[in-house]
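Student: First the structure, which I've put down as structure tokens, then a few questions once you've had a look.
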Amino acid sequence: MNHTTSHPAVETIAWQGDESGHLVLIDQTRLPLELVTLECRDVETVWEAIKMLRVRGAPAIGIAAAYGVVVGIRDMGDDPAELASRFDEVATYLATSRPTAVNLFWALSRMRDVFASLAGKPNDEIRSRLLAEAKAIHDEDRQMCRNIGRHGAELLGPSIKGVLTHCNAGGLATAEYGTALSVFFTAQDLGRELHVYVDETRPLLQGARLTAWELMQRNIPATLICDSMAAQVMREGRVQAVVTGADRIAANGDTANKIGTYSLAILARHHNIPFYIAAPSSTFDLSITSGSEIPIEQRQPDEITRGFGKQTAPEGVTVYNPAFDVTPASLITAIITERGVIDPVNQDAVARHLG
Ligand code: MRU
């Protein structure tokens, strides 16, 4: 049975037209109430969309930024010095949109390499090659997600009936199938029956708004819980595995993901439940040795005190709002990538896997 037909035809990220075209994104801040798209015809709109989480999730941010570069140099002439200066300005600017997901910097670096290889070529040709590179990043992610799903579904095995996930690592966070959710979608495609417990994911509710929505679109049984209920759900034996995505994985396997992931890994260890990370190789940052070097994004206090426009804390209260945390490799049972499974998770195994 093919369950994917119930998924909306709207793509998370799409390019319209040729190299003079524009980027179209699902505005994820409007989900689940409205499925609406946002047209990005200038680089400022792409930057704002990433910053404000209209497009979010590590791979999706990278794809959007790659297209953002093409949008950003659209109106330039052929003067090589002016074009090079504008390209650098645009790529540097997009890199300031969010700090933690390494896919953003990985994608921009690929775009920089292509630009550097085309020095002196006419603007039209440069833009068409850059658009081809952005499309390649997009297409490769689609394929990586499928392969992560294949390896992950095999790893989970038929005995696992209940799983828990955090934040959104689905089609909305990637080119298409997702990373953690790709494991569940693939298991479903294989005829397995999985019940997915979904952490709502305070403070911005990516689990409640996006993951629950994606699972329901695909008719996968899903139960929404508050983040603080995970321990109880584990104690009651409702889940036999935890699978989440990642924003950046250091050379030793330490993994940054949405705030709350680290505590889930500790809870999983206590309850003797395997804790899996699903991520493409573009999420690894081998330039850093451990998770302590991963920059953690700090976001505005009002996301906690006035979430979705309703004040829920006293005016002026001090707030700490890190958007991500780092789960040490020692708490991660295995990392599922498009190439297979890293188990155990340590520096040697990561190097061998990616080498
Ligand atoms: O702040 P967000 O919504 O961009 O955070 C996203 C996550 O933490 C995801 O789990 C991660 O990017 C993996 S997406 C496949």
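The values are calculated or read from the model by the stated rules, or taken from the named source; none is laboratory data. On a predicted model such as this, the values are computed, not experimentally measured, just so you know. With ideal geometry, Cβ positions are generated from the backbone for all residues, glycine too; neighbour counts draw on all protein chains shown. Please note that ligands, DNA and RNA were not included when accessible areas were found on the heavy atoms of the full protein model with its side chains. Shrake-Rupley method; radii C 1.70, N 1.55, O 1.52, S 1.80 Å.
Student: Mind counting lysine pairs for me in the chain? Cα separation below 24 Å, and the two need to be 8 or more apart along the chain or on different chains. Present the calculation step by step, with values, prior to reporting the outcome.
Tutor: Details: Lys51/Lys135; Lys51/Lys258; Lys51/Lys310; Lys121/Lys135; Lys258/Lys310.
Qualifying lysine pairs in the chain: 5.
Student: Once you have the Kirkwood Rh of the chain from its Cα pairs, apply Stokes-Einstein at 20 °C and 1.002 mPa s and quote D in µm²/s.
Tutor: Stokes-Einstein gives a translational diffusion coefficient of 104 µm²/s.
Student: Return the carbon/sulfur percentage of the accessible area of the stretch 13-145, one whole number, probe 1.4 Å, all protein chains in place. Please report the intermediate quantities before stating the final value.
Tutor: Values: 2670 of 5290 Å².
So the carbon and sulfur contribution to the accessible surface is 50 percent.
Student: With Cβ to Cβ distances under 10 Å as the rule, what net charge do the other residues near Glu338 carry (K, R +1; D, E -1)?
Tutor: Values: positive: Arg146, Arg150, Arg339; negative: Glu140, Asp141.
Counting the neighbours of Glu338, the net charge comes to +1.
Student: To continue, here is another question. What are the residues whose amide H is under 5 Å from the amide H of Tyr197, where those residues sit 5 or more places off or on another chain and H is modelled from the backbone?
Tutor: Sorted by chain and number, the residues that satisfy this are Val163, Leu164, Thr165, Thr223.
Student: Working out 0.36 nm times the residue gap between Thr37 and Thr223, then minus their Cα-Cα distance, what length gain in nm do you get to one decimal?
Tutor: On the way: separation 186, 0.36 × 186 = 66.96 nm, distance 2.72 nm.
Full extension from Thr37 to Thr223 adds 64.2 nm.
Student: At 1.4 Å probe size, with every protein chain present, just tell me what the per residue accessible area of the chain comes to in Å². Walk me through the numbers before you get to the answer.
Tutor: Working: 14600 Å² over 355 residues.
For the chain, the solvent-accessible area averages 41 Å² per residue.
Student: Quick one: pull the percent of accessible area on the stretch 149-354 belonging to carbon and sulfur, 1.4 Å probe, ligands and nucleic acids left out.
Tutor: Values: 4300 of 8230 Å².
Carbon and sulfur together cover 52 percent of it.
Student: Next question. Determine the calculated [θ] at 222 nm for the chain from helices alone, applying -39500 (n - 2.57) to every DSSP H run no shorter than 4 residues and normalising by the residue count; nearest 500 deg cm²/dmol.
Tutor: Working: 11 runs with 132 residues, N = 355.
Calculated at 222 nm, the ellipticity per residue is -11500 deg cm²/dmol.
Student: Right, another one. What net charge do the residues around Ala212 carry, taking every other residue with its C-beta under 11 Å from that of Ala212, with Lys and Arg at +1 and Asp and Glu at -1?
Tutor: Numbers: positive: Arg209; negative: Asp199, Glu200, Glu214.
Residues close to Ala212 contribute a combined charge of -2.
Student: Excluding ligands and nucleic acids, what accessible area in Å² is computed for Arg41 using a 1.4 Å probe, to the nearest 10?
Tutor: That residue has around 110 Å² of solvent-accessible surface.
Student: Which of the peptides 114-124, 333-343, 172-182 is most tightly packed, and how do the rest follow, judged by the mean count of other Cβ atoms within 10 Å per residue? Walk me through the intermediate numbers first.
Tutor: Working: 114-124: 13.8, 333-343: 20.9, 172-182: 28.1.
Result, highest mean Cβ count within 10 Å first: 172-182, 333-343, 114-124.
Student: Take each of the peptides 274-286, 25-37, 44-56, average the number of other beta-carbon atoms within 10 Å over its residues, and list them starting from the highest.
Tutor: On the way: 274-286: 23.3, 25-37: 16.4, 44-56: 20.2.
Peptide ranking by packing, descending: 274-286, 44-56, 25-37.
Student: Rank Asn147, Asn219, Asn103 by mean-square fluctuation in a GNM of the chain with C-alpha springs under 10 angstrom and give only the top-ranked residue.
Tutor: Checking each option, the largest mean-square fluctuation is seen for Asn219.
Student: Pull out a ≥ b ≥ c, the square roots of the eigenvalues of the alpha-carbon gyration tensor of the stretch 215-256, then state rounded if a/c is under 1.5, prolate if not and a/b is larger than b/c, and oblate in the remaining case.
Tutor: Working: a/c = 2.54, a/b = 1.49, b/c = 1.70.
It comes out oblate by the Cα gyration axes.
Student: Helix by helix, which DSSP H runs in the chain go 20 Å or more along their axis at the Cα atoms and have an average Kyte-Doolittle hydropathy of -1.0 or more?
Tutor: Those that pass (Cα extent of 20 Å or more, hydropathy at least -1.0) are 58-72, 80-94, 102-116, 123-156.
Student: Determine Rg/Rh for the stretch 214-343; Rg is computed over alpha-carbon atoms and Rh is the Kirkwood hydrodynamic estimate from the same atoms. Numbers along the way, then the final one.
Tutor: Values: Rg = 16.5 Å, Rh = 16.4 Å.
A ratio of 1.01.
Student: Let me ask something else. State, to one decimal in nm, how far the label point of Asp139 lies from the label point of Glu48, with both points 7 Å from Cα in the Cβ direction.
Tutor: 3.3
Student: Note down the net charge around Thr174, summing +1 for each Lys or Arg and -1 for each Asp or Glu among other residues with Cβ under 9 Å from its Cβ.
Tutor: Numbers: positive: Arg142; negative: Asp141, Glu176.
With Lys, Arg at +1 and Asp, Glu at -1, the net is -1.
Student: Taking the alpha-carbon centroid of each part, what is the distance from the stretch 240-299 to the stretch 119-180 in angstrom?
Tutor: 18
Student: Please give the residues of the stretch 45-74, grouped as numeric ranges, whose backbone N is less than 19 Å from a label point set 7 Å along the Cα-to-Cβ vector of Ala132.
Tutor: 66-71, 73-74
Student: Considering only DSSP beta bridges with both partners in the chain, what is the antiparallel share in %, to the nearest 5?
Tutor: On the way: 18 of 36 bridges.
Within the chain, antiparallel bridges account for around 50 percent of the total.
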